[in-house]
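Chemist: First, the structure itself, so that you have it in front of you.
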Amino acid sequence: MNQEIMIKTYDLIDDIKQSDTYIEYIKLDDYIANNTTIQETITAFQKAKKLYEEAKQYGKHHPDLKKRQRQLAQAKEALYGFEEVVRYKKLETALQKQLDHISRTIANAISVHIPHPNELGILQVEKGENTCSNESV
């Protein structure tokens, strides 16, 4: 039975990898990885993000917090100025939603008591909800 489940899982993976969404996602990933201008912009964004996060630790008391917020916003705007990056992020979100939906569907088909990520990807258990049930397996 385990082998049959694995075969069906790999069939599902193959179906996802043959989808237009996945194929375009992979092509854009390769394009972005090989585009020096986009890579430089990503590096600048990551640097601005790191500097902002360091300043954010001290909150409003950090002397450069506002400056670093502006720098991060400018770096993000520059990064999302590339239509390939915008499209890539949309495809990434679409694929993640598809995987989350599959996960929820499988978990709910087995038991409604199995915790699974919500639409935001956060694993939630309702307050007072007992995830240990008396369901017979």
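Read the figures in this text as sums done on the coordinates, not as results from a lab. Since the structure is predicted, the reported quantities are computational estimates derived from the model, not experimental observations. As a convention, Cβ positions derive from the backbone with ideal geometry for all residues, glycine included, and neighbour counts pool all protein chains shown.
Chemist: Would you please put 3-15, 82-94 in order of how densely packed they are, using the mean number of other Cβ atoms within 10 angstrom per residue and starting with the highest?
Modeler: Details: 3-15: 9.7, 82-94: 14.7.
Ranking the peptides 3-15, 82-94 by packing returns 82-94, 3-15.
Chemist: Could I ask something else about it? Apply 1/(1 + (r/R0)^6) to the Cβ-Cβ distance of K56 and I122, taking R0 = 25 Å, and write down the FRET efficiency to the nearest 0.05. Mind showing how you got there, number by number?
Modeler: Values: r = 22 Å, r/R0 = 0.87.
So the FRET efficiency works out to roughly 0.70.
Chemist: Further question on the same structure: Within region 60-104, how many Lys pairs sit with Cα atoms under 20 Å apart, leaving out pairs fewer than 8 places apart on the same chain? Provide the component values of the computation, followed by the final result.
Modeler: On the way: K66/K76; K67/K76; K76/K89; K76/K90; K89/K97.
Within region 60-104, the lysine pair count is 5.
Chemist: Related question: How far, in degrees from 0 to 90, does helix 65-79 lean away from the longest principal axis of the Cα atoms of the chain, to the nearest 10?
Modeler: Approximately 70 degrees, to the nearest 10.
Chemist: Starting from the Cα-Cα distance between Y10 and V112, subtract it from 0.36 nm times their residue separation and give me the gain in nm to one decimal.
Modeler: Stretched fully, the Y10-V112 segment lengthens by 34.2 nm.
Chemist: Quote the FRET efficiency, to the nearest 0.05, computed for T105 versus E40 with a Förster distance R0 of 30 Å and r equal to the Cβ-Cβ distance.
Modeler: It comes to 0.15.
Chemist: Once Lys and Arg get +1 and Asp and Glu get -1 on their Cβ, which of F82, L65, A94 lies farthest toward the positive end of the dipole of region 64-118?
Modeler: Selected residue: L65.
Chemist: Highest GNM mean-square fluctuation, the chain, Cα pairs closer than 10 Å: which of I32, I122, I42?
Modeler: Looking only at I32, I122, I42, the biggest GNM fluctuation is shown by I122.
Chemist: What does the charge dipole of region 20-110 about its Cα centre add up to, to the nearest 20 debye, if the Cβ of each Lys and Arg holds +1 and the Cβ of each Asp and Glu holds -1?
Modeler: 640
Chemist: Roughly how compact is the chain, stated as its Cα Rg over 2.2 N^0.38 Å to two decimals?
Modeler: Rg over 2.2 N^0.38 Å, computed on Cα atoms: 1.48.
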